[in-house]
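Everything below concerns the one structure shown next.
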């Protein structure tokens, strides 16, 4: 039986736990404002929705790349570093976008996420090329 991607599974669990309060924050804001659909011109609700939405848009692919790199045989230290950077990047991005749409934190979080995903993609391709 092949080894499960332990690091990627642990990072996945962390991301699942991170997503729950994000979704709850949107629901609480909807309850407070009475806005059941879209954002009703409520900027606070829009920021919460986009912060959660962006998380949901990027995290699944990042996790797939993390698990793929781990399964392909990438060094565990690199998988762990990438997983840690992804967690920090998504937290920075979420709290920056939640606070304001235009911030350096948002750019840092997005940049770190993109860079990490690129590293993981290269690691997967490297492993496929060296371990045919």
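The values are calculated or read from the model by the stated rules, or taken from the named source; none is laboratory data. Given the structure is predicted, the values throughout are model-derived calculations rather than measurements. Note that each Cβ is placed from the backbone with ideal geometry, even for glycine, and that neighbours are counted across all protein chains shown.
Restricting attention to the stretch 37-55, the residues being in contact with a helix residue (DSSP H, G or I) (Cβ under 7 Å, 6 or more places away or on another chain) and part of a helix (DSSP H, G or I) number 10. Between 22, 49, the distinction of being more than 28 Å from residue 127 (Cβ to Cβ), in contact (Cβ under 8 Å) with a residue 60 or more places away in the chain and surrounded by 17 or more Cβ atoms within 10 Å (Cβ to Cβ) belongs to 22 only. The listed residues are 65, 31, 23, and the only one of them that is at pLDDT 95 or above and not in a loop (DSSP other than H, G, I, E, B) turns out to be 65. Being modelled with pLDDT of 95 or more, closer than 22 Å to residue 7 by Cα and under 15 Å from the mean Cα position of the chain (by Cα) holds for only one residue in 120, 125, 78, and it is 120.
Given the criteria more than 20 Å from residue 6 (Cβ to Cβ) and part of a helix (DSSP H, G or I), does residue 84 qualify? For residue 84, the condition - more than 20 Å from residue 6 (Cβ to Cβ) and part of a helix (DSSP H, G or I) - is not met.
Total residues in the stretch 24-36 satisfying the condition of being within 25 Å of residue 11 (Cα to Cα) and in contact with a helix residue (DSSP H, G or I) (Cβ under 6 Å, 6 or more places away or on another chain): the figure is 2.
The residues in the stretch 87-125 that are surrounded by 14 or more Cβ atoms within 10 Å (Cβ to Cβ) and not in a helix (DSSP H, G or I) can be counted, and the count is 1. Residue 60 passes every criterion in (1) surrounded by 13 or more Cβ atoms within 10 Å (Cβ to Cβ); (2) without any contact (Cβ under 8 Å) to a residue 60 or more places away in the chain; (3) within 26 Å of residue 131 (Cα to Cα) apart from (1).
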